[in-house]
Structures are given as structure tokens and as C-alpha cells.
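Participant: Submitted below is the structure of interest, expressed as C-alpha cells.
The values are calculated or read from the model by the stated rules, or taken from the named source; none is laboratory data. For clarity, every value in this text was computed on a predicted model and none was experimentally measured. Heads up, the Cβs are rebuilt from the backbone with ideal geometry, glycines too, and the neighbour counts pull from every protein chain shown.
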């Protein structure tokens, strides 16, 4: 599941890849008044985005290599060499690692620097009888359940929030 600010995807010419749009986003910090962000939010269709990006790659002459990256080597001239399986090396100006928590296998972090952090999330799309959220609003952050906890435990030191996309009055994607 992938959500985006609608205006940013429109600026990229990718608005056709959005499968659902909410007119606004909302944040609940506590039981007080919620905060309306004032920006529409969209749920991206992975399939439509995949098709569009592949089409753009073909039109631009991009080639695709199906291989596992084994390491990234920085060269003296500021470029990088991507070392892949089967002794394939790909030179590039900018290497972007988008492998989440597995990035540590490819990147060298500053010795003595701050610990590397990772973000994890668990999401599920479900049918519900009583959706507590306005289906016209995308719930960007709902901290209300977290602020109610009075129990002293390690989890209370790290706030979590709920992210909710109401697809219909009875179908909601939840993520924590």
C-alpha cells in the first residue's frame, strides 16, 4: 500500500496512477480538536504505477538488469560502481539504496555515529461494521490510543500512531 500527496503526484504527471483520493488529511494528537492538513491524499495503484514507470523507462531508453547487488564501491572521481552477481559491474553517478532495513548490507555508516534507525509498519485492509473515521478524510496520524496508555513499559517510550485509509464506509486500510 502506498499513499501520496495528490498534488505532488499530479506535478509528476502520475495522477492516473492514483486509485482513490481523499479531499483532505487529518491528524489526531489527542482527544482535543483534530488538525486538518488542507491537502488531498491519494492511494496509489501499484499496478498502474508499475505500468506507467515501465512505459516511461522504455520511452527513455532505460535498460533493466535483473540481478542481486552484492556491494557498492565509491570511486575516487565521485562515481559509484554497483557490483552485481555474475561479475556484472554497473557504473553510476548516484547509487540509491531502497532496501529498507536491509540497507545495512550495502552501506557503510559513520563509525561512532548515531545508530541506524529503521521504520517498520504493519498494515491490513479489512471490512468493518462501524468505521469510526470520516470516509472523505485520510487519517494521516492518530495518536489518541497511544496517549491513553498509563502503563510504564518500554513501548511507551516510543509513540506509535494509526494510519487509516477509508476506502468505503465499511472497508478500511489500517497501518501502525
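Participant: Between 71, 10, 56, which is at pLDDT below 95 and farther than 26 Å from residue 160 by Cα?
Facilitator: Result of the check over 71, 10, 56: 71.
Participant: Would you point out the residue of region 1-19, among those that are in contact with a helix residue (DSSP H, G or I) (Cβ under 9 Å, 6 or more places away or on another chain) and part of a loop (DSSP other than H, G, I, E, B), that is surrounded by the most Cβ atoms within 10 Å (Cβ to Cβ)?
Facilitator: My answer is 14.
Participant: Would you mind telling me which numbered condition in (1) over 28 Å from residue 120 (Cβ atoms); (2) not in a loop (DSSP other than H, G, I, E, B) residue 78 fails?
Facilitator: Only one criterion is unmet by residue 78, namely (2).
Participant: Given (1) within 28 Å of residue 165 (Cα to Cα); (2) in contact with a strand residue (DSSP E or B) (Cβ under 6 Å, 6 or more places away or on another chain); (3) surrounded by 14 or more Cβ atoms within 10 Å (Cβ to Cβ); (4) in contact (Cβ under 8 Å) with a residue 12 or more places away in the chain, identify the lone condition not met by residue 36.
Facilitator: Single failed check for residue 36: (3).
Participant: Another question, if that's okay. Being part of a loop (DSSP other than H, G, I, E, B) and surrounded by 17 or more Cβ atoms within 10 Å (Cβ to Cβ) is the filter; apply it to region 132-166 and report the residue that is modelled with the highest pLDDT. Steps first, answer last, please.
Facilitator: Start the filter on region 132-166 by keeping residues that are part of a loop (DSSP other than H, G, I, E, B), which leaves 132-136, 143, 149-153, 158-161.
Filter once more, keeping what is surrounded by 17 or more Cβ atoms within 10 Å (Cβ to Cβ): 133, 161.
On the way: 133: 91, 161: 80.
Filtering region 132-166 for residues that are part of a loop (DSSP other than H, G, I, E, B) and surrounded by 17 or more Cβ atoms within 10 Å (Cβ to Cβ), the one modelled with the highest pLDDT comes out as 133.
Participant: Are there any pairs with C-beta distances below 9 angstrom linking a residue in region 74-88 that is on the phi > 0 side of the Ramachandran plot and exposed (fewer than 10 other Cβ atoms within 10 Å of the Cβ) to a residue that is at pLDDT below 95 and part of a loop (DSSP other than H, G, I, E, B), with the two at least 6 apart or on different chains, and if so which?
Facilitator: 78/93; 86/67
Participant: Exactly one condition in (1) surrounded by 14 or more Cβ atoms within 10 Å (Cβ to Cβ); (2) out of contact with any strand residue (DSSP E or B) (no Cβ under 9 Å at 6 or more places or on another chain); (3) not in a helix (DSSP H, G or I) is false for residue 115; which is it?
Facilitator: Result: residue 115 passes all but (1).
Participant: Applying the selection to region 20-48, what residues are outside any loop (DSSP other than H, G, I, E, B) and touching a helix residue (DSSP H, G or I) at 6+ places or on another chain (Cβ under 7 Å)?
Facilitator: Taking region 20-48 first, the residues outside any loop (DSSP other than H, G, I, E, B) are 20-22, 24-28, 35-36, 41-44, 46-48.
Answer for region 20-48, where residues must be outside any loop (DSSP other than H, G, I, E, B) and touching a helix residue (DSSP H, G or I) at 6+ places or on another chain (Cβ under 7 Å): 21, 28, 41, 42, 44, 48.
Participant: Moving on. Only one of (1) surrounded by 13 or more Cβ atoms within 10 Å (Cβ to Cβ); (2) closer than 15 Å to residue 139 by Cβ; (3) out of contact with any strand residue (DSSP E or B) (no Cβ under 8 Å at 6 or more places or on another chain) is not met by residue 28, so which one is it?
Facilitator: (3)
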